[in-house]
Structure formats: C-alpha cells, structure tokens
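Working notes for the structure below.
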Amino acid sequence: MKPTGKYGPVWTAMVTPFQSTGAIDYQQTEQLIEHLIANGTDVLIVAGTTGESPLLSKVEKLELFAFCVKQANGRAAVVAGTGSNDTHASVELTKAAEKIGVDGVMLVTPYYNKPSQQGLFSHFNEIANETNLPVMLYNVPGRTGVNLEAETTIALANVKNIVAIKEASGNLDQIAAIIEHTPASFAVYSGDDSMTLPILAIGGDGIVSVASHLIGKEMQAMVGAFQAGENAKAAMMHRKLLPVMQALFLAPNPACVKYALNKSGIDVGEVKPPLAPVNDQEKVVVDQALAEIKSL
C-alpha cells in the first residue's frame, strides 16, 4: 500500500479465527489468509469490526498484525485496524503497528463519545501526524453513533497521508460529494457489500468487503466488468450476488460469515460474547446462500 494512488478494488475485512478457549487460532488464521489471497483479495484489513476488534486486547492485536504481515509476505497488503474512541490510545497502537511493518492503518470514527466534527478532524489529524503510514478513514455511523460529514472528510483528505475512506454511511449524496471534492489520488471504498456497484457508478474505487470471504473472485469479476464498461454485465452480477451479501448480515456481523466459512471447510471458530452464534433460522438462509454460490 503506497502513500498515494489506488490499491486494488477488493479489500477483505478479515474475521479473526478463535479457538474454543477464546484465544486467536493462528493455524486457522494462516489457512484463512491463504484462502483470501487465492480468491481475489487485494488487501487484508486486520482487527476491524469484522475481526471483532473491540474484543481483542492491544497485545492480541499486535501479535495478530505481526502474524498477518509475515504470512501475507507482500502478496496482499495488510492494513491494521488501530482506531478507537481514545485518540491517545489510537496513536500508541498505530505507532506500534508501524514498527511491526503493516502497510497502512484504518481508523474508525470514535464511537460512544459522539464528538463534534471539529473533534473528529482533530482526532484523525493527530493520529495521522504521528505516523508515516497511509491512513484509511472509516465512517460507519450505524455502529459509532456519529457521522463523519463530507466537509470533514474533504478537509482530512488534505492531510498528506490520509489517502482513503471506507464509507459505510449508505448516503450516496454524501459519498458523491467526497468523490467530487477530494484529490483524484484519494480513494473512496464502499463499506457495504451491497453498495459496491452504486458507489463504483458515482466514481468510487472498490469495496471493503465481508462477502469476499466467500465470493472474492465474483466480486473482482463484477468490479472488472464495470471498469471495462460492461455495465449491464456488472449489474446482472450485482443482482446475482446480492442474496449472498444480504444473507451474511442477517445476524450481527461477523456471526453469519463465520458460520458460512466453517460450513465451507475453513474453520474460524465462533464469535466471542457478547456476540451470539447464528440461530437455526439464520442457518437456513445462509445455507441457501452457500448453495447459490456453487451455481454462480
């Protein structure tokens, strides 16, 4: 991941495999990384929301970052989730991740505190100024309780190493304004699988995906079709992939994708409390989605 430019269209927000004890399962993490790289992932995001980051200690995160950097070995960039609702703690974790050798960091908007837009700008600006790594912002108001408004993102895009945003607000007007008023080198990625094609259509660059755990090659093909000007083909692929994307979010993420991976022979264990495994009704829907993947 370079300080400027684009980084490939399909990033995977990687789940964290756990043993039954709750410890990180590094043997299965190795298997998962190999699976993702072989199936279309350009960039691995480690210890993001899908990686159950709130349930990992600082020590666990740093050990996981180091393992993923070594295992990926340059075949896919590794971006570390080092953001939190504590600016100083985020700075310290970012500095430690940089020493480990990650390719970039992703910083979620501070949750629970509900800072003002000025507070958000200061938070991200301070962290970015304490690292030489490229920084991806992550706006997900449905989880954090605060929206990083377009004007704030546009201002942050002028910070030299803030180079991208994962936008999961679902607000296409906001996302269009960001694309229109940031430098061409600033990358805008969808944070929702089902919004991948709409965001590409207004000038976005790709997807930070959960579904790519299972349909990474298909996501790459859809993006490729759109980029090649084959809009009708891309739209058809979007419609076919949509039921899979929707099935993976029936339960709070990443319960469904972990269940689907386990069913597919990639053992990643269960989610940690307070998250709950999928129930029987959810299993039926996810099983149907897995059957549909085989026919794609």
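The values are calculated or read from the model by the stated rules, or taken from the named source; none is laboratory data. All of these numbers come straight from a predicted model, not from anything done at the bench. Methodologically, a virtual Cβ is constructed for each residue, glycine included, from the backbone with ideal geometry; neighbour enumeration extends over all protein chains shown. When the accessible area is computed, the model is the full protein with side chains, heavy atoms only, and any ligands, DNA or RNA have been set aside. Shrake-Rupley method; radii C 1.70, N 1.55, O 1.52, S 1.80 Å.
When the stretch 147-183 is limited to residues that are under 19 Å from SER194 (Cα atoms) and among the charged types (D, E, K, R), the one that is surrounded by the fewest Cβ atoms within 10 Å (Cβ to Cβ) turns out to be ASP173. On inspection, THR29 does not qualify as part of a loop (DSSP other than H, G, I, E, B), among the β-branched types (Val, Ile, Thr) and at pLDDT 95 or above.
Consider GLY22 carefully, then state whether it is touching a residue at least 40 places away in the same chain (Cβ under 8 Å), open to solvent by 10 Å² or more (accessible area, probe 1.4 Å), over 15 Å from SER209 (Cβ atoms) and not in a helix (DSSP H, G or I). Criteria met by GLY22.
Residue by residue, here is whether (1) of a type in the set (Phe, Trp, Tyr); (2) within 20 Å of GLY191 (Cβ to Cβ) holds:
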position	(1), (2)
ALA211	no, yes
ALA221	no, no
ALA228	no, no
MET236	no, no
PHE249	yes, yes
VAL284	no, no
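Among the residues of the stretch 68-83, count how many are open to solvent by 20 Å² or more (accessible area, probe 1.4 Å) and part of a loop (DSSP other than H, G, I, E, B).
Within the stretch 68-83, residues that are open to solvent by 20 Å² or more (accessible area, probe 1.4 Å) and part of a loop (DSSP other than H, G, I, E, B) number 3.
For the stretch 204-234, a tally of residues being under 19 Å from THR12 (Cα atoms) and acidic (Asp, Glu) returns 2.
Reported count of residues in the stretch 184-196, each being more than 18 Å from MET106 (Cβ to Cβ) and buried (at least 23 other Cβ atoms within 10 Å of the Cβ), is 0. Scanning the stretch 130-140 finds one or more residues that are open to solvent by 50 Å² or more (accessible area, probe 1.4 Å) and either farther than 25 Å from SER209 by Cβ or not in a loop (DSSP other than H, G, I, E, B) (or both).
Do we find a residue being modelled with pLDDT of 95 or more and over 16 Å from the mean Cα position of the chain (by Cα) anywhere in the stretch 44-55? Yes, because at least one residue in the stretch 44-55 is modelled with pLDDT of 95 or more and over 16 Å from the mean Cα position of the chain (by Cα).
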